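Just below is one structure, and these are the notes that go with it.
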Amino acid sequence: MNTASQYKAQGNGQGIMRHAPQPQQTQIPSQYLLQQLQGSHATNQPQTDSSNPSLLVQALFQGPQSHQGQRIGNQQMQPHVVLGSQTLQSSSVVPPGQNQPTSQSPHYDTIQVDDPTTFHWQHQVQLVQMSRKCNQPHFYARHAAVSSRKLLGKNGNNNVPGVDGSQGNQPPNLLEATKTLLMSTDPTAEQAESGENKSATDPLLWFKKLSNDTQDEDEEIDASTLKDPTRQLWRALDLSGQQLLHLSEKLFRYDFLTKLYLNGNGLTELPSSIRQLKSLTVLDVSQNLLSSFPPELGILFNLRYIYAFDNRLTDIPYEFGNLYELEFLGIEGNVNMNPEYVNILAKRGSRGLTIHLRDNAPRPTPPKSRQWIYFSNDGEIIEEQEYRQQQTEDDLVNTFTMMTYNTLCQHYATKKMYRYTPSWALDWDYRRERLKEQILDLQTDIICLQEVEHKTFDDFWQPIMLSHGYKGIFHVKSRAKTMKESSAYKVDGCATFYRTSKFQAVERKHFEYGRIAMSQDKFKKTEDLFNRFLNKDNIASVLILEHIPSGNKLVVANTHLHWDPEFNDVKTMQVGVLLDELQAVIRKHLSPKDITKVPLLICGDFNSKVHSAVYQLFSQGTVDKHEDIVGRDYGKFTEEGFRHPFHLQSSYDSIGELPYTNVSPTFTDVIDYIWYSTPSLSVKGVLGQVDPDYSKNIIGFPNADFPSDHIPLLSTFMFKKSSAPRPDTRVDFRSDFRGSRKT
């Protein structure tokens with residue numbers, strides 16, 4: 001074998017031949033790599049020439065067998081090719097369609113379909129024929145090399161020998177042919193199948209991410225390489241036609257792979273560790289001996305093309321319903337395949353089959369309940385029993401709980417955005433009931449919700465919460481002012497509820513970030529302010545409460561910042577406006593030296609990660625040279641830096657934040673927070689993470705168990721004794737009270 005086993009993805013999908021693979025971001029001599037891959041067995045084996053790609057491939061993917069064991073295994077497990085009534089078994093590599101008598105060709109069985117004339121099934125028939133022609137050792141690598149030479153040829157000379165040694169134009173490979181066939185399909189077919197009718201121009205969807213779609217895989221690779229030049233330049237691995245019987249676990253450390261070609265081997269199974277190849281978009285396992293797909297393939301949500309022609313497959317796991325990017329699933333030649341799935345694929349295509357699997361999958365095992373994490377007076381994590389024992393009667397009087405939760409407005413929960421979510425689980429009636437159950441079961445004293453539709457607040461949340469002992473306020477996003485009343489009633493905003501047995505309302509405020517920045521002279525009217533900041537409609541809803549058992553006053557701010565990571569400067573500016581306005585509100589009732597003594601909670605969906613300028617501004621009190629705001633002009637805020645006098649900390653800081661608060665296939669991270677003033681409040685407990693065993697088998701929310709793409713955050717707070725107002729300096733906000741019709 002004189003062909004390299006891998007190639008580098010380059011430009012328009014062409015490539016060049018490469019030597020043996022190396023781990024990502026690590027440059028290791030090939031001989032050392034070979035010894036590491038062979039493990040402890042390498043010491044008992046003869047020296048292997050690591051400069052020979054074929055030997056390295058053998059070491060990589062046949063495991064640490066002895067040379068004699070490898071020869072015996074190869075002799076026992078040679079591929080069988082049926083030639084008429086004869087069966088050929090060779091001691092050398094003889095993939096189907098190669099080195100065979102010209103008068104005979106391999107015989108392949110075909111699947112019986114109710115209607116084989118549909119264009120979806122015709123794609124199967126056409127592509128399986130091409131797949132069989134591609135069934136040669138390292139076909140894809142050699143095809144890429146030939147194509148690269150043609151691109152580099154002078155004077156437009158296309159007479160470069162092809163993969164088979166012939167002259168002339170190189171025929172397209174399987175992937176290229178698949179793309180061409182799919183492009184000829186009616187582009188409205190998938191839209192009709194999904195029932196997606198929402199338009200990006202719908203005012204209800206302004207300033208909202210509308211899709212989890214990614215770019216073309218090659219464009220995406222090029223873009224990621226430009227952003228991170230340390231990433232591997234090659235992304236594809238071709239191990240076709242090598243008579244591989246097993247795959248080494250070391251292969252699945254190459255999590256940067258986007259294309260993996262394993263066709264034309266003797267594989268009987270794919271290991272579950274294939275789930276680690278999260279970047280995979282193309283998988284070819286045709287002409288093997290596979291009897292089943294591993295369910296773990298359903299975690300690889302980037303997969304777009306799966307070729308599994310001519311195996312022994314009988315079923316398709318329900319987990320394939322997660323593969324919302326899947327454009328083609330090749331199953332022709334698997335004669336015992338479930339006929340129901342065959343006919344669905346023939347009638348509705350690969351996308352129709354994944355939708356069927358998604359919507360008809362059995363309910364997964366529910367996750368274990370999220371556990372509370374308790375803290376001692378010193379901030380150390382303690383067991384619940386010890387926490388209960390330490391609590392005094394005075395502690396109980398001064399303690400309260402708080403929740404923040406982005407509930408995912410029904411107008412944003414589109415089938416296009418959440419293609420991995422079963423349609424019944426995405427239905428608003430189902431999600432609304434699950435949200436109600438979640439929120440009421442947690443029995444929180446203060447509840448801050450984001451993405452609540454105005455009409456839903458009036459017709460659903462307010463009556464329900466009132467019947468359970470809560471009152472609330474609601475403020476809608478500012479774009480509602482520009483819309484007709486019927487449309488404005490569908491715009492979302494922030495809702496805050498409080499338990500009437502523990503709190504009473506003193507004051508409510510409403511901050512429209514854009515209006516404030518435009519109307520006040522202290523905000524310089526710069527180009528960035530006009531072009532980036534003022535056209536966003538985010539708001540904050542502020543409620544000033546009195547804690548009835550202790551008499552303490554509490555300021556609660558509930559906000560939802562802009563979502564787009566390309567506008568992190570805007571988010572920072574929005575927080576700057578929020579903190580500036582909160583100072584103004586508090587200074588109406590206290591002298592500046594007392595501003596930090598008022599208990600303050602700021603919570604919501606900040607769409608900002610822990611290394612963002614927003615997080616730094618909250619936690620450190622200042623931010624000036626952060627990458628999120630460098631090069632932007634917001635007057636004194638960027639010239640002198642953003643600053644605030646409050647001493648704020650995330651309530652989850654003691655545990656280093658949760659693993660995530662927002663989950664989708666393309667983004668999973670912490671972007672929701674509860675910020676509290678440390679001089680006046682202490683954290684006594686937080687609700688912990690989602691069951692890790694459950695999390696590793698999902699690609700995103702919402703789903704059957706989680707009705708939003710966010711999870712709720714809950715914290716238990718206690719007023720510090722020093723925060724209780726003295727009789728002669730008691731804080732009184734009532735003189736500036738203006739009632740609300742929504743209480």
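Bear in mind that the values in this text are calculations on the coordinates, not laboratory data. This one's a predicted model, so the numbers in the text were calculated from it and none came from an experiment. A quick note on method: Cβ atoms are made from the backbone with ideal geometry, for glycine too, and the neighbour counts reach across all protein chains shown.
With 10 angstrom as the radius, rank 644, 710 by how many other C-beta atoms surround their C-beta, starting from the fewest.
Listed from fewest to most nearby Cβ atoms, that is 644, 710.
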What is the dipole size for region 610-663, taken about its Cα centre, with +1 at each Lys and Arg Cβ and -1 at each Asp and Glu Cβ, in debye to the nearest 20? 100 debye
Taking every DSSP beta bridge with both residues inside region 401-736, roughly what % is antiparallel (nearest 5)? 85 percent
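Is the shape of region 401-736 rounded, prolate or oblate, going by the alpha carbon gyration tensor and its root eigenvalues a ≥ b ≥ c, with a/c under 1.5 for rounded and a/b larger than b/c for prolate?
Rounded, since a/c falls under 1.5.
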Which value, in debye to the nearest 20, gives the size of the charge dipole of region 401-736 about its Cα centre, when Lys and Arg are +1 and Asp and Glu are -1 at the Cβ? 860 debye
Based on other C-beta atoms within 10 Å, arrange 464, 544 from fewest to most. 464, 544
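For region 364-494, what does the alpha-carbon gyration tensor say about shape, rounded, prolate or oblate, given a ≥ b ≥ c as the root eigenvalues, a/c under 1.5 as rounded, and a/b over b/c as prolate?
Judged from the Cα gyration tensor, region 364-494 comes out prolate (a/c at least 1.5, a/b above b/c).
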For region 401-736, what is the relative contact order in percent, using Cα pairs closer than 8 Å and at least 6 residues apart in sequence? 20 percent
At a 10 Å Cβ-Cβ cut-off, how would you order 580, 429, fewest neighbours first? 429, 580
Please work out whether region 521-664 counts as rounded, prolate or oblate from its C-alpha gyration tensor, where a ≥ b ≥ c are the square roots of the eigenvalues and a/c under 1.5 means rounded, while otherwise a/b larger than b/c means prolate and anything else oblate? oblate
Starting from the Kirkwood radius over alpha-carbon pairs of region 460-587, derive D by Stokes-Einstein at 37 °C in a medium of 0.692 mPa s and give it in µm² s⁻¹. 203 µm²/s
Quick one: which of 477/571; 278/571; 509/609; 477/509 span more than 19 angstrom between C-alpha atoms? 278/571; 509/609
